[in-house]
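The structure appears right after this line, and notes come after that.
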Amino acid sequence: MDFGFLFDIPVAGLFFQLIDYMLRVLTINGAVILALAAPIALGSFCGLMNERSGIVNIGIEGMMIASAFSGWLAASAVVQWFPEQPKADFFFGATPALLVGLVVAILTGMLVSAIHAWLSITVRADQIISGTIVNIVALGVTGYLIVIISRSAPPSAGKFAPFIPPEWLTDLPFVGWLFNMFLNQGPVTMSVLVLAVVLQILLFRSRWGLRTRSVGEHPKAAETVGIDVIRLRYRNVILGGIFAGLAGAWFTLDFGTNFQSGMTNGRGFIALAALIFGRWTPLGSFGAALLFAAASSLNIAIRTVPPTGQLGEIMTAIPDQFWSALPYLVTIIVLAGVVGRSIAPAAVGKPYERESAT
């Protein structure tokens with residue numbers, strides 16, 4: 001049925017045109033939206049592992065940039081040592097350099113998370129300060145090192161090739177664009193939905209999830225029933241580094257091929273906003289990441305395929321700087337709307353000191 005007559009309604013017609021344009025952007029640029037959502041969602045999963053255990057982590061940005069740099073550097077080094085790289089076409093065109101880079105990125109995320117865990121749990125330092133230190137050091141060190149390393153023009157290891165779904169699947173009416181959105185991706189991006197579902201099940205349907213939530217809500221009560229609060233927090237914070245490492249690898253091995261100083265561009269902080277908006281749940285955080293990514297993709301769509309008619313005239317007349325800032329404006333609006341409604345774990349940010357036996 002043709003609803004074009006709605007566009008001719010004064011004033012309200014612009015609203016209907018905007019909805020129609022947004023739906024077309026979603027169906028056409030679905031794969032781009034999911035790709036842009038991947039680092040935000042992975043960063044929010046890192047924050048989820050921390051904050052559900054009672055540890056505040058605002059250092060996700062630093063963990064991501066450190067992982068992006070180390071993964072890219074390791075992959076580049078392997079290419080320098082072994083220029084002839086065999087490709088595994090059956091697995092996203094993976095090469096030894098890309099696989100090494102991916103592993104190094106994950107290990108870097110876990111290492112930086114371990115440092116944050118030590119400062120927050122053992123030293124009992126202010127967790128906000130600890131995360132700030134991670135951000136400042138990671139951004140400063142990687143920015144300095146890339147200036148030195150780039151002088152020698154290190155070779156790029158390339159990136160993982162996206163999986164190309166069959167046309168008969170993507171051409172299906174109504175749902176074909178969904179298959180293209182979730183399947184036409186590299187391995188890191190494609191793993192996000194799987195990780196969101198698995199984490200959701202584990203957090204609310206497993207023994208580990210119950211213990212994690214109890215430690216984040218009431219650690220003293222958890223200790224009385226035999227849960228080692230310190231050990232569980234250490235384990236969860238360090239394991240959360242895996243997701244930050246994957247987010248870093250997305251920048252230089254899955255979506256891009258080279259490292260640039262500050263290339264995370266605030267996505268670690270947007271990941272925290274997604275975590276809060278998603279009410280500290282994996283699927284909620286993933287949905288929020290898609291919302292923020294959709295705002296980013298709108299900037300791309302307006303510059304490439306702007307809407308027609310009066311709506312197009314209005315949207316193209318708005319300065320490009322506004323559309324570039326739109327994801328951050330959406331973040332601010334979303335956080336302002338959920339303040340007081342989204343309740344964090346009760347013990348988050350509170351250092352835990354085990355009571356003495358005497």
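The values are calculated or read from the model by the stated rules, or taken from the named source; none is laboratory data. This one's a predicted model, so the numbers in the text were calculated from it and none came from an experiment. Virtual Cβ from ideal backbone geometry, glycine too; neighbours counted across all protein chains shown. Areas reflect the complete protein model, heavy atoms only, side chains present, ligands, DNA and RNA absent. Shrake-Rupley method; radii C 1.70, N 1.55, O 1.52, S 1.80 Å.
The mean of 1/r over all distinct Cα pairs in the stretch 257-358, once inverted, gives the Kirkwood hydrodynamic radius of 16.4 Å.
Candidates P166, T189, F243 compared by Cα position along the dipole of the stretch 135-273: farthest toward the positive end lies F243, with charges placed on Cβ. Under DSSP H, which helices of the chain have Cα atoms covering 18 Å or more of the helix axis and a Kyte-Doolittle average no less than 0.0? Result, helices passing both filters: 12-28, 30-51, 60-81, 96-117, 127-149, 187-205, 229-249, 282-304, 320-338.
Quick check on the stretch 203-273: what does the Kirkwood estimate of hydrodynamic radius come out to from the alpha carbon pairs, in Å? Final number for the Kirkwood radius of the stretch 203-273 is 14.5 Å.
Which FRET efficiency value, to the nearest 0.05, do you get for A317 and N258 by plugging their Cβ-Cβ distance into 1/(1 + (r/R0)^6) with R0 = 35 Å? Intermediate results must be reported in sequence, preceding the final value.
Values: r = 35 Å, r/R0 = 0.99.
FRET efficiency, A317 to N258: 0.50.
Across the stretch 249-284, the residues whose backbone nitrogen lies under 17 Å from the label position 7 Å along the beta-carbon direction of I149 are 249-265.
Let's see if you can work this out: charge +1 on each Lys and Arg Cβ, -1 on each Asp and Glu Cβ, no other charges. What is the dipole magnitude of the stretch 41-187 about its Cα centre, in debye to the nearest 20? Write out the running numbers ahead of the final one.
Values: 5 positive and 7 negative charges, 71 e Å.
The calculation lands at about 340 debye.
Residue separation times 0.36 nm, minus the C-alpha to C-alpha distance between F163 and I128: what's the value?
Numbers: separation 35, 0.36 × 35 = 12.60 nm, distance 3.95 nm.
Contour length minus the Cα-Cα distance gives 8.6 nm.
With Cα atoms defining each centre, the stretch 138-166 and the stretch 265-318 are spaced 25 Å apart in the structure.
Evaluated on the stretch 176-335, the Kirkwood hydrodynamic radius is 18.4 Å, with distances taken between all distinct Cα atoms. To the nearest 10 square angstrom, how much accessible area does D126 have with a 1.4 angstrom probe? The value for D126 is about 90 Å². Computed about its Cα centre, the charge dipole of the chain is approximately 1120 debye, with only Lys, Arg, Asp and Glu carrying charge at their Cβ. Identify which of A317, A244, A105 has the largest mean-square fluctuation in a Gaussian network model of the chain, with springs joining Cα atoms closer than 10 Å. Per the Cα network of the chain with a 10 Å cutoff, A317 tops the list.
Computed with a 1.4 Å probe on the full set of protein chains, the accessible area for F269 sits at about 100 Å². Between the residues I128, L18, A317, the greatest Cα displacement towards the positive end of the dipole of the chain, with unit charges on the Cβ of Lys, Arg, Asp and Glu, is found for I128.
Ranked from highest to lowest mean number of other Cβ atoms within 10 Å per residue, what is the order of the peptides 84-97, 188-201, 205-218? Write out the running numbers ahead of the final one.
Details: 84-97: 14.4, 188-201: 18.6, 205-218: 16.6.
By packing density, highest mean first, the sequence is 188-201, 205-218, 84-97.
Can you work out the FRET efficiency for the pair D89 and E353, with r the C-beta to C-beta distance and R0 = 51 Å, to the nearest 0.05?
Numbers: r = 54 Å, r/R0 = 1.06.
Working from the Cβ atoms, E equals 0.40.
Once all protein chains are placed together, E167 keeps about 140 Å² accessible to a 1.4 angstrom probe.
Quick check on the chain: helices-only [θ] at 222 nm, where DSSP H runs of length 4 and up contribute -39,500 (n - 2.57) each and the sum goes over total residues. Nearest 500, please. Can you show the working numbers first?
Values: 15 runs with 237 residues, N = 358.
After summing the helix terms and dividing by residue count, I get -22000 deg cm²/dmol.
Once you reduce the stretch 238-256 and the stretch 14-75 to the center of their Cα atoms, the two points are 11 Å from each other.
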